[in-house]
Amino acid sequence: MKKIFPFGGISLTTVVLFFACSCLLRSGSTDLALQAQLVWGTNNDKPDDPKLKEVDAKVTERLRTALKWKNYFEVNRQNFTVHAGTPKKVKMSDHCEIEVDNFGNSSIEVKLYGKGKMVVKKTQKIKPGELLIFAGDDKNDTAWFVVLSQTEK
Amino acid sequence: MINHETELKLQAYLDGELSSGEAKAVEDLSTHDADARALFEELKLTKSVLAENELEVRLPESRGFYWSKIQRQIEREEKGRATEQTETAASSWWLRFLAPAGALAVLVVLVVVALRAPKGAETLVALDGSHEIETPLEETSSFSFQSEAAGMTVVWVDSHRE
């Protein structure tokens, strides 16, 4: 009897391997390396706390294009990796925490906690070079920011 | 004075359309009645004048050929009309298809152009489903906006609601 697919076993294995490799290449690494910065924005030239240092010039420039504050000072910085399906909680200050979940394909869910209560939850893709910022105003026309970005590998 | 019926009889007699009995009666009438005779003479004169001066048209070809030529011309025109109608029907089918398809294409282009933000412009809140935001606390509100120019998404949290 003539086979419909000649060399059936070999062909099938090749096709399966090809699709498996494609899927692996497509998904890439499922781990996501992120950086979270707690930033304080003000129109004053100097921060209230002299220990605070200025945020990286490039990031500052980007913040200035979309936000009204003139100067941005870094309060805290955390680098961390989030594995797919394993949410990661990161403490930014005594009252501020974030929890990041990796959904794969650069899609993340970020929960922002203030004094232990979840304030906001945001789900979106974060591409390399893009910033996801959580912000709110503070006293004396200042503001706080949690700036999330992918760290360069 | 003769009536209209008699006038018609006289005309028919002159044209040779009456039976022999009727023709005899009209002859008697025109012999004895002066008015009838006068009308008959007048009609006779008129007929002779018309017959003598009527233009005789001679066909350049035989009678059969002449009429067959006319028939062929009629058939040709009818065929042409039928072809024209078929072409019109075919083109109207395409028009029926192309008109709505064209309108739809224009509509799609307009929608795409309308939804497309100009390059460099800032887009408020992403449109795709990958962006979700949730604010569980009642005393807190939030909104998000995206700056394509700065490559950032900002989630603004407002905790001063009254």
Note down the net charge around B:S30, summing +1 for each Lys or Arg and -1 for each Asp or Glu among other residues with Cβ under 14 Å from its Cβ.
-4
Starting from the Cα of B:K44, draw a straight line to each of the aspartates and glutamates and keep only those under 16 Å, dropping any in the same chain fewer than 8 residues away.
B:E7, B:D15, B:E17, B:E27, B:D35, B:E52, B:E54
Highest mean packing first, using Cβ neighbours within 10 angstrom, the peptides B:76-89, A:60-73 sort as A:60-73, B:76-89
Note down the magnitude of the dipole of the range A:32-150 about its Cα centre, charges +1 on Lys and Arg C-beta and -1 on Asp and Glu C-beta and zero elsewhere, to the nearest 20 debye.
240
Summed buried accessible surface, chains B and A, 1.4 Å probe, nearest 100 Å²:
2100
Give me Rg/Rg_expected for the range A:53-114, where Rg uses Cα atoms only and Rg_expected = 2.2 N^0.38 Å with N residues.
1.33
Counting Lys and Arg as +1 and Asp and Glu as -1 over every other residue whose Cβ sits under 15 Å from the Cβ of A:I98, the net charge comes to +3
Can you bin every Cα-Cα distance in the range B:1-64 into 5 Å intervals starting at zero and give me the percent of pairs per bin, rounded to whole numbers?
4, 16, 22, 19, 12, 8, 7, 6, 4, 2, 0
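If you take each beta carbon of peptide A:121-128 and count the beta carbons of other chains within 10 angstrom, what is the mean?
Mean partner shielding for this stretch: 5.
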Proximal lysines to B:K79, defined as alpha-carbon separation beneath 22 angstrom and excluding residues fewer than eight positions away on the same chain:
B:K69
Summing Lys, Arg as +1 and Asp, Glu as -1, what charge do residues with Cβ under 12 Å from the Cβ of B:L14 carry, B:L14 excluded?
-3
Report Rg(Cα)/(2.2 N^0.38 Å) for the range A:32-150, keeping two decimals.
1.04
Please enumerate, by chain and number, the lysines with C-alpha under 25 Å from the C-alpha of A:K51, excluding those fewer than 8 residues away in the same chain.
A:K68, A:K70, A:K91, A:K115, A:K139
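The values are calculated or read from the model by the stated rules, or taken from the named source; none is laboratory data. Note that the structure is a prediction, hence the values are computed from the model and not measured. Glycine gets a Cβ as well: all are built from the backbone with ideal geometry, and neighbour counts include every protein chain shown. When the accessible area is computed, the model is the full protein with side chains, heavy atoms only, and any ligands, DNA or RNA have been set aside. Shrake-Rupley method; radii C 1.70, N 1.55, O 1.52, S 1.80 Å.
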